[in-house]
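Q: Dumping the structure here so I can ask a few things about it.
The values are calculated or read from the model by the stated rules, or taken from the named source; none is laboratory data. What you are looking at is a predicted structure, and each value in this text was computed from that prediction instead of being measured. With ideal geometry, Cβ positions are generated from the backbone for all residues, glycine too; neighbour counts draw on all protein chains shown. The accessibility values were calculated without ligands, DNA or RNA, using every heavy atom of the protein model including side chains. Shrake-Rupley method; radii C 1.70, N 1.55, O 1.52, S 1.80 Å.
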Amino acid sequence: MFLRMPSPLILLSKARLHVVGLFCAGLIAPLSIAFAADYHVLPASKGSGDGSSWENAAAAPSGSWNELLSRLEPGDTLRVGSGVYERVTFTVAGGGGEGSPIALQGEDTGAGLPVFRGSWTKENPARGQIFCTFGIKASYVTIKDLRIENYLAAIVTSGGNQRITLSGLTVRDVRLGAVFKGNAHADTPSSWTREVLVENSTFTGFTKSALRWEGGNRDFRIVNVHGDAGGKEYATEPFHMVFNIIGDQRKDLPPIIERIHDNNITFIGCTARNAYHEAPKGKNYWNADGFVAERGVNKLTFIDCMAFDCTDGGWDLKASEVTFKGCVAFRNKRNYRIWNDATFENCIAGYPLKRGGSGDAHNFGVYGAARLKLDHCTIIGEAAPFGFEKNDQGKDIVRVAITDSLLIAAGDASVAGDIPGVKLANTERFSLANPPKGPVFSGDASAAWDGRGKAFNPTPAYRGQGFRRE
């Protein structure tokens, strides 16, 4: 803390009084710029310890950082240097303003980015600290370039939060990465948590989710965020879901009250891996997914996202108004498990793999009354490409319309006749062992593909058809 006398708070107050005078005289820039200040903290103080620079860094407090964070005014940045900070917790009660957020910024001062370490363990997942809690309506806040480990949750919002940026976070060994709670009212826009950016972050080894939305959230961008659930080793409790949008799941809500479902969330360049579940004795269904959205959630867009090696769905979506562009799903039991209408453009589904539990493996599981449109897609694997839930729509209803695509049986698998409910247009359908135009793919295409590179780009013989990486 900045404890040497005069304290940084006193120094900052005097400086700001001086700035006010200059501002009133018309001699300086607007307040939001003029008031910006940096505070520097390390595990142990240096120099004068007043926090004015890395050479004079203050010693970080132990335990709660609430008082330290409360000093930040719009435009201020708390800079945290290399080192390990044990069991730190704090609540952001206020925040910044338009164009002048407050920021908590990690910096490598010689030994890597700062590490915040709690006491949570996967063997006792319900106990531990929450690293950062956003109070109701706390807004205009940036948290950047931190390593966070062994916490019950890294970030938890409380509702009505706006313009939050989480960037460059490396989170591991937690129950939950970031949780965006609800507490919104349908007719009160300011009560929704909104305009949130999560970018360039990784979440590794968690027992619940990397990111979770609980109703009352809208207008999110999730960019270059990667979640690896950790597989069987971290499946110590149910609902191993990497990105989990649950919507409004309140029980016994009177019909007169409108539900608050999350909406307008865009994922760009994100990856979900290794969600795992084994059904307990007496149960059959293995339930663990990469990207999840419950009924009522709407307006989801996935661009260049990937899902691998989940014991249930790579995507398991009951949401409406769903769009996929450039997405990859390999080695999940159902690579895409879709319950409402959705469109797929330039996507690939490959080698679905059943690791246990009830139900068969499929590249696309089509449920309820869902109808899918696939354009320039590739579907490959030994398992049946589609699995349809029984419904009363009749045999002649087109459930999946496929255009300019490749539908391939891998290995020596035979190609059956027409698939009821599937309509093909300019789409090749054949066995990989006997392709009609020679080699199909331009690279080392195999079930072990990690989604990188152009291994599954079609050769020129199949130009204009199938998934392609530019």
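Q: Which members of segment 290-334 meet the condition of being under 16 Å from PHE467 (Cβ atoms) and open to solvent by less than 10 Å² (accessible area, probe 1.4 Å)?
A: PHE302, CYS305, ALA307, PHE308, GLY314, TRP315, PHE324, GLY326, CYS327, VAL328, ALA329, PHE330
Q: From the list GLU258, GLU237, GLU278, exactly one residue is assigned to a loop (DSSP other than H, G, I, E, B), charged (D, E, K, R) and touching a strand residue (DSSP E or B) at 6+ places or on another chain (Cβ under 6 Å). Which is it?
A: Details: GLU258 fails: touching a strand residue (DSSP E or B) at 6+ places or on another chain (Cβ under 6 Å); GLU278 fails: touching a strand residue (DSSP E or B) at 6+ places or on another chain (Cβ under 6 Å).
Just one listed residue meets the conditions, GLU237.
Q: Something else: Counting just the residues of segment 181-224 that are of a type in the set (Ser, Thr, Tyr) and assigned to a strand (DSSP E or B), which one comes out surrounded by the fewest Cβ atoms within 10 Å (Cβ to Cβ)?
A: This residue is THR188.
Q: Please tell me if LEU104 is under 14 Å from THR165 (Cβ atoms) and either open to solvent by 50 Å² or more (accessible area, probe 1.4 Å) or touching a residue at least 12 places away in the same chain (Cβ under 8 Å) (or both).
A: In short, yes.
Q: Restricting segment 354-383 to residues that are without any contact (Cβ under 8 Å) to a residue 60 or more places away in the chain and open to solvent by 50 Å² or more (accessible area, probe 1.4 Å), which is farthest from ARG331 (Cα to Cα)?
A: ALA369
Q: Among the residues of segment 73-86, is there at least one that is among the basic types (Lys, Arg), part of a loop (DSSP other than H, G, I, E, B) and closer than 23 Å to ARG117 by Cα?
A: Going through segment 73-86, the residues among the basic types (Lys, Arg) turn out to be 79.
Now narrow it down to the ones that are part of a loop (DSSP other than H, G, I, E, B): none.
No; the residues of segment 73-86 include none that is among the basic types (Lys, Arg), part of a loop (DSSP other than H, G, I, E, B) and closer than 23 Å to ARG117 by Cα.
Q: A further question on this structure: Keeping to segment 160-179, report how many residues are open to solvent by less than 10 Å² (accessible area, probe 1.4 Å), assigned to a strand (DSSP E or B) and in contact with a Lys or Arg (Cβ under 7 Å, 6 or more places away or on another chain).
A: Residues in segment 160-179 being open to solvent by less than 10 Å² (accessible area, probe 1.4 Å), assigned to a strand (DSSP E or B) and in contact with a Lys or Arg (Cβ under 7 Å, 6 or more places away or on another chain): 2 in total.
Q: I would also like to ask the following. I need the full set of residues from segment 318-371 which are outside any strand (DSSP E or B), among the aliphatic types (A, V, I, L, M) and in contact with a Leu (Cβ under 8 Å, 6 or more places away or on another chain), in order please.
A: The answer is ALA319, ALA361.
Q: For segment 240-260, name all the residues that are farther than 21 Å from ASN287 by Cβ and crowded, with 22+ Cβ neighbours inside 10 Å.
A: Across segment 240-260, the qualifying residue is only ILE260.
Q: A follow-up question, please. What pairs can you find where one residue is in segment 299-319 and within 21 Å of SER358 (Cβ to Cβ) and in contact (Cβ under 8 Å) with a residue 24 or more places away in the chain, the other is open to solvent by 10 Å² or more (accessible area, probe 1.4 Å) and aromatic (Phe, Trp, Tyr), and their Cβ atoms are less than 7 Å apart, with a gap of 6+ or different chains?
A: Note: pairs meeting the criteria are THR311/TYR276; THR311/TRP286; ASP312/TRP286; LEU317/TRP339; LYS318/TRP339.
Q: Still on this structure, please answer the following. Does GLY227 count as in contact (Cβ under 8 Å) with a residue 40 or more places away in the chain, assigned to a loop (DSSP other than H, G, I, E, B) and open to solvent by less than 10 Å² (accessible area, probe 1.4 Å)?
A: So GLY227 fails the test.
Q: Being acidic (Asp, Glu) and touching a strand residue (DSSP E or B) at 6+ places or on another chain (Cβ under 7 Å) narrows it down to one residue among ASP108, ASP145, ASP187; which is it? Explain how you work it out, then say what you get.
A: Numbers: ASP108 fails: touching a strand residue (DSSP E or B) at 6+ places or on another chain (Cβ under 7 Å); ASP187 fails: touching a strand residue (DSSP E or B) at 6+ places or on another chain (Cβ under 7 Å).
So the residue among ASP108, ASP145, ASP187 that is acidic (Asp, Glu) and touching a strand residue (DSSP E or B) at 6+ places or on another chain (Cβ under 7 Å) is ASP145.
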